[in-house]
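The values are calculated or read from the model by the stated rules, or taken from the named source; none is laboratory data. Everything numeric here is computed off the predicted structure, so don't read it as measured data. Note that each Cβ is placed from the backbone with ideal geometry, even for glycine, and that neighbours are counted across all protein chains shown.
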Amino acid sequence: MKGKQRRIERLGPWLPFPFGAWCLCFGLGLLTLASLRWRTFLRAQSWPAVSATVRDVELTGTKTYSVTATYEYEFNRRSYTGHHVDIMGGGDSNYALHRRRYEELKGYRDAGRPFPAFVNPKTPSESVLYRQADSWMYAVFLFGLGAAEVGAAAVWFGARAVRRRNRLKALSKGDRGRLWHIRPDWRQGRVKPSTARHLLPSCLVAIGVGTFISAFIPLMASAGAPWWCWLIAGFFVLVGVLALMSAVHALAAFVVYGTPVLCLSEVPVVPGRRVVAALRTARPLAADRWTLRLECSTNSSSEDSEDSGDGPRLAELLQRLKALLGKRPTGGDPTWYGECVYRQKLSAQGHPQPDHTGALMLPVALELPRGASETALDPGFTVTWALAAKRRAFPLSFSASFELPVFAVPEDAIEKTDGGPR
């Protein structure tokens, strides 16, 4: 079991690549098909109309429908036989449209009347009977765009995870005693907020979900989809709206407050050692209504907990659930839940003071429990320590989360930083 878990952890950063590559290739293929069809649509608007004789017409399909036809026409005194009914070709679920076209062509065939066909003057053998853009032309383009976006995002996130693991391996071989050097802001003692990185993913999710769902709405409307299809579509619309709201909120916070920075007096943050820090914001904020919380989270359980049986696993699961719900025992003491789920409410160590640039410096003291787990940087098993800071304000509240470099190193390995509070 351990060997299987280790193999999964080693393959973890590479797992998004097959899915992402498939979505990207599939989306690019649909975009190519849609681009060719839209190119034909634009060109067909200037094609001349000629009289065509419908020889055969048929409506086929059970769940997806299509109209096939054979017609003859003359162009520049030469006879041609055409088979393209519309620009998109193929079938779809719009039964009403195909039934209407079938009845119209069948009526012209039975009456022996000529039907207008649009011919490419440069290639007279290329012709269509209907040159309007139908819902599938929009759907294929939007669906391909959404699939390409999802695939590109998966490949990008996978590449970031692989790059992070490779940097971690290189740093571990060079100097395992200074793993916090993997991030420049950790090394300088000026930690940037992790919440700022949510802007791009939120935008990608909003755009991707929006294009995906917009590909199906025209089809659902034209095909008379049942209520449960609209319910599912509404759920995806809600996901896209929430992601868009998150992106707008992050962008507005950046415009109003700038990029906040957590200045550490020393790195790393050693468990059991008090570290003085200061939260720096570009916009001056009052000292009240602040909420500061030190917390730890992990994406996996430790090997010790894996071998401890079902009872400890259940107990740790309950402890994690309590941590997520914010349950704390009375007394106000910081609480350690399981292997690495921890929350502790902090208080500012004084009133905010402006620095030489006029930015706010809110003093904070960080003191982790002695023996706490270190920061784990491997994408297969991460342990993340963070300082979450919030302040209620009108019309936009301040919110930021700063990942902390927590490593148990001897005192002579601790580095004083220039970015610490003054």
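Tabulated data for the structure shown
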item	result
Test: residue in region 54-70 that is within 30 Å of residue 149 (Cβ to Cβ), exposed (fewer than 14 other Cβ atoms within 10 Å of the Cβ) and not small (Gly, Ala, Ser)	yes
One residue from 66, 79 being in a strand (DSSP E or B), over 22 Å from residue 107 (Cα atoms) and assigned by TED's automatic domain parsing to the domain that holds residue 118	79
Options 69, 49; residue that is in contact with a His (Cβ under 8 Å, 6 or more places away or on another chain) and of a type in the set (Gly, Ala, Ser)	69
Every residue from region 237-291 that is at pLDDT 90 or above and out of contact with any Gly (no Cβ under 8 Å at 6 or more places or on another chain)	262, 268, 269, 270, 273, 274, 275
Qualifying residue in region 143-157 (condition: surrounded by fewer than 20 Cβ atoms within 10 Å (Cβ to Cβ), of a type in the set (A, V, I, L, M) and touching a Gly at 6+ places or on another chain (Cβ under 6 Å))	yes
Index of the failed condition, residue 138 passing every other in (1) in contact with a Pro (Cβ under 7 Å, 6 or more places away or on another chain); (2) modelled with pLDDT of 95 or more	(2)
Residues of region 115-134 satisfying the condition of being of a type outside the set (Lys, Arg), part of a loop (DSSP other than H, G, I, E, B) and surrounded by 14 or more Cβ atoms within 10 Å (Cβ to Cβ)	120, 124, 126, 129, 133, 134
Selection within region 185-208 - at pLDDT 70 or above, of a type in the set (Val, Ile, Thr) and part of a helix (DSSP H, G or I)	207
Some residue of region 98-109 being hydroxyl-bearing (Ser, Thr, Tyr), out of contact with any helix residue (DSSP H, G or I) (no Cβ under 9 Å at 6 or more places or on another chain), at pLDDT 85 or above and assigned to a loop (DSSP other than H, G, I, E, B)	no
Answer residue from region 326-365, given it is within 30 Å of residue 166 (Cα to Cα) and not hydroxyl-bearing (Ser, Thr, Tyr) and is modelled with the highest pLDDT among those	341
Residue, surrounded by the most Cβ atoms within 10 Å (Cβ to Cβ), within region 245-268, restricted to residues that are of a type in the set (Val, Ile, Thr) and outside any helix (DSSP H, G or I)	267
Residue selected from region 379-418 under the condition among the β-branched types (Val, Ile, Thr) and closer than 29 Å to residue 255 by Cβ, by the criterion modelled with the lowest pLDDT	417
Any hit, region 61-69, residues being under 23 Å from residue 113 (Cβ atoms) and aromatic (Phe, Trp, Tyr)	no
